[in-house]
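Enquirer: This is the structure I want to talk about, given as structure tokens.
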Amino acid sequence: MISDLYFISGLGADARIFQRLELPTNVRVHHISWPPLSKKETLETYCEKIRSQINSDHEFGVVGLSFGGIIATELTKKINPKLTILLSSISNKHELPLIYQICAKLRLNKVIPTYFMNKVYPFTSRAFGIKKSSDKALLKSIFHSTPGSFIKWALNEIINWQNESTPEGIFHIHGDSDRLFPSGLVKPDIKVEGAGHLMVYTHSKIVSRLIEQRLQLD
């Protein structure tokens, strides 16, 4: 079994989003921190910053949530982890919803003021598939603690992602009620029934079991 797992959260979220996972005690969990953005940052240069936090001298795995899954996919092509797990994410640009592709083409994301990026709106909880007050509070806290400039940059990288195909060694878990990356467009290995975009938090026991089962195969 892989002894080191590096977790990459989504859109500036932190380790709190993974706090309900129950993983084998012999697995060392590392939470990747989001480095500050540089001027004219690209996805490629940012992945290099993330890469510096990973010790590839030993067998390791990478777990990426949402935008973190895109980062994990790009890293997989460069550092060859023994296993890459995507949670509520996409593995290539063809899984992007059409509306995201239209936004990219028309550059609509560019006209949204940075100020509005890290705010929680009435539709946010529904989009993320959460209902409990405690879950909404966590989401609000994560959004408010993330710079709007980072969210705006990350959204631009998502809708303009150019990865054509899914790299080998990726194991994809996805909620069948995900509204941000609709399950009908992606091709995951396993779909979690009734789970939305934040299934790692709302359906943590199921996701924990699936991760552990996959680890046991390596």
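Enquirer: Take R107 and tell me if it is on the phi > 0 side of the Ramachandran plot and without any contact (Cβ under 8 Å) to a residue 60 or more places away in the chain.
Expert: So R107 fits the description; yes.
Enquirer: Still on this structure: Checking I50 against (1) under 17 Å from the mean Cα position of the chain (by Cα); (2) of a type in the set (A, V, I, L, M); (3) closer than 20 Å to G129 by Cβ, which single condition isn't satisfied?
Expert: Failed condition: (3).
Enquirer: Of the residues in the stretch 120-159, how many are in a loop (DSSP other than H, G, I, E, B), out of contact with any Gly (no Cβ under 8 Å at 6 or more places or on another chain) and not hydroxyl-bearing (S, T, Y)?
Expert: So the answer is 5.
Enquirer: Then there is this: Between a residue in the stretch 20-49 that is under 17 Å from G69 (Cβ atoms) and any residue that is of a type in the set (V, I, T) and assigned to a loop (DSSP other than H, G, I, E, B), which pairs come within a Cβ distance under 8 Å, given they are 6 or more apart or on different chains?
Expert: From the stretch 20-49, the pairs are H30/I54; I32/I54.
Enquirer: Further, regarding this structure: Residues that are more than 19 Å from I170 (Cβ to Cβ): list the strands (runs of 3 or more DSSP E) wholly contained in the stretch 12-109 that include at least 1 such residues.
Expert: By residue number, 28-31.
Throughout, read-outs are computed from the coordinates displayed, never taken from laboratory work. These figures come from a predicted structure and were not determined experimentally. Heads up, the Cβs are rebuilt from the backbone with ideal geometry, glycines too, and the neighbour counts pull from every protein chain shown.
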